[in-house]
Amino acid sequence: MTSPRVTIYTTEACGYCRTAKALLDRRGVPYEERNLARDPDGRAQLVERTGMMTFPQIMIDGEPIGGYQELKVAERDGKLDDLVTA
C-alpha cells in the first residue's frame, strides 16, 4: 500500500502555514508544499476545490481537510495518523 499524498497549499508570510508544516514535520508526515503567493490562477482553483480563501489548506489524497486548526484538531483527537494511513 502506498502512503497517502499530503499537499499543503501555502502563501508568503503565513504563520499558520509555518506552524502546520512544523506539525507535519514533527510527526514525520511527508508532504508536498505548493506556494500560491504568486499564482492567482492556483488560488482561484484552490478556492473552487475547497470553498476556502485562507491559508494553509491541507489535502490528503486530494481531499481537503481544512487549515491549521483542523489539522491540529485531527492531531489532538488522534485522527491525524488515521488520515495519513487510511
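Any read-out appearing in this document is the output of simple, stated calculations on the displayed coordinates, not a laboratory observation. Owing to the predicted nature of the structure, the values given are computational and were not obtained by experimental measurement. Here the Cβ positions follow ideal geometry from the backbone for every residue, glycine too, while neighbour counts run over all protein chains shown.
What the phi angles of the range 67-78 give under the Karplus curve with 6.51, -1.76 and 1.60, with θ = phi - 60°, is a coupling list of x, 4, 4, 5, 5, 5, 4, 4, 5, 4, 7, x Hz, glycine and proline written as x.
The GLN45 and ASP81 beta-carbon pair, evaluated with R₀ = 30 Å, returns a calculated FRET efficiency of approximately 0.55. Residues VAL6, VAL47 in ascending order of nearby Cβ atoms (within 10 Å, fewest first): VAL47, VAL6.
In the chain, the longest principal axis of the Cα atoms and the axis of helix 40-50 are about 40 degrees apart.
Label sites at GLU70 and GLU32, each approximated as a point 7 angstrom past Cα along Cα to Cβ, lie 1.9 nm apart. Mean sequence separation of contacting Cα pairs (under 8 Å, at least six apart), scaled by the length of the chain, corresponds to a relative contact order of 37 percent.
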